[in-house]
């Protein structure tokens with residue numbers, strides 16, 4: 001795909017090679033081996049404390065593994081860093097208008113002023129925010145703020161977009177609006193890797209499921225297979241709503 005920087009070669013697949021992460025004496029992730037290919041939505045599931053958000057942050061490069069390696073097989077780490085983006089559960093927005101938030105991200109990536117103006121208008125229209133483009137970002141509703149963070153990320157045409165519980169704080173109507181945007185971003189060619197605690201959402205969106213429990217990767221399978229016939233006892237219990245300790 002062509003990104004905001006004009007690059008056309010792929011940074012994927014992404015591999016986590018025996019990635020572990022610990023804090024002091026506690027090992028939170030244990031020798032994760034995971035390969036993510038281009039295309040589709042990869043949804044990371046698991047109970048609280050399974051290591052879902054940690055895995056996402058390690059893959060994105062926000063933190064370094066205690067051991068093991070995160071490898072972008074199609075490009076070096078420096079190039080890969082410019083061609084991926086991440087959206088968090090709680091939006092992180094600048095003290096400026098909705099449009100200016102998107103414009104600033106594009107400016108940081110070296111996009112010229114005229115091109116920025118067109119791209120800002122395009123993504124705000126696609127995310128249903130055109131009518132409030134000049135409104136201060138921090139007075140928007142929770143759903144509008146999350147749509148804005150997605151618009152800002154989408155404006156950069158990332159090859160990979162990491163989403164950490166993007167609808168956890170939203171009501172059902174706002175959740176469906178955000179899901180529709182995520183689906184449109186995926187349809188534009190961006191690889192989506194997201195965590196969620198919402199099984200209904202995972203069923204709606206996932207092409208494949210990465211299932212974690214107690215810091216271990218137990219399953220990485222097509223979504224239909226996971227939901228119909230999970231292999232591990234932990235996944236079976238999780239889908240039944242049973243507590244996993």
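Every read-out reported here was derived from the displayed coordinates using simple, explicitly stated rules and does not represent laboratory data. Remember, it's a predicted structure, so these values are computed and weren't measured experimentally. Neighbour counts are summed over all protein chains in view; Cβ atoms, including those assigned to glycine, are modelled from backbone coordinates with ideal geometry.
With 10 angstrom as the radius, rank 104, 21 by how many other C-beta atoms surround their C-beta, starting from the fewest.
104, 21
Quick one: helix 113-126 against the long Cα principal axis of the chain, what's the angle to the nearest 10°, folded into 0 to 90?
It works out to around 60 degrees.
Hey, fewest Cβ within 10 Å first, where do 220, 60, 197 land in order?
Going from sparsest to densest Cβ surroundings: 197, 220, 60.
Quick one: compute the contact order of the range 5-68, relative version, from alpha carbon pairs under 8 angstrom and 6+ residues apart, as a percent.
36 percent
Any idea what the relative contact order of the range 14-239 is, in percent, if you count C-alpha pairs under 8 Å spaced at least 6 apart?
In percent, rounded to a whole number, it is 29.
Relative to the first principal axis of the alpha-carbon coordinates of the chain, what is the inclination of helix 172-187, with its axis defined by its Cα atoms, in degrees from 0 to 90 and to the nearest 10?
90 degrees
Tell me what the chain gives for mean residue ellipticity at 222 nm when only DSSP H runs of n ≥ 4 count, each as -39,500 (n - 2.57), the sum divided by the residue total, rounded to 500 deg cm²/dmol.
The helix contribution divided over the chain gives -11000 deg cm²/dmol.
Calculate the length of the line joining the C-alpha centroid of the range 38-70 to that of the range 198-233, in whole Å.
The range 38-70 and the range 198-233 have Cα centres separated by 14 Å.
Using a Förster distance of 41 angstrom, determine the FRET efficiency expected from the C-beta separation of residue 63 and residue 114, and round it to 0.05.
0.65
Can you compute the FRET efficiency between residue 237 and residue 207 using 1/(1 + (r/R0)^6), with r the Cβ-Cβ distance and R0 = 25 Å? Round to the nearest 0.05.
E(calc), rounded to 0.05, equals 0.60.
Taking neighbour Cβ counts within 10 Å as the exposure measure, how do 147, 116 sort from fewest upward?
116, 147
Nearest 10 degrees is fine. How inclined is helix 98-108 to the longest principal axis of the chain, computing both from alpha carbons?
Taking Cα atoms only, the helix is inclined about 80 degrees.
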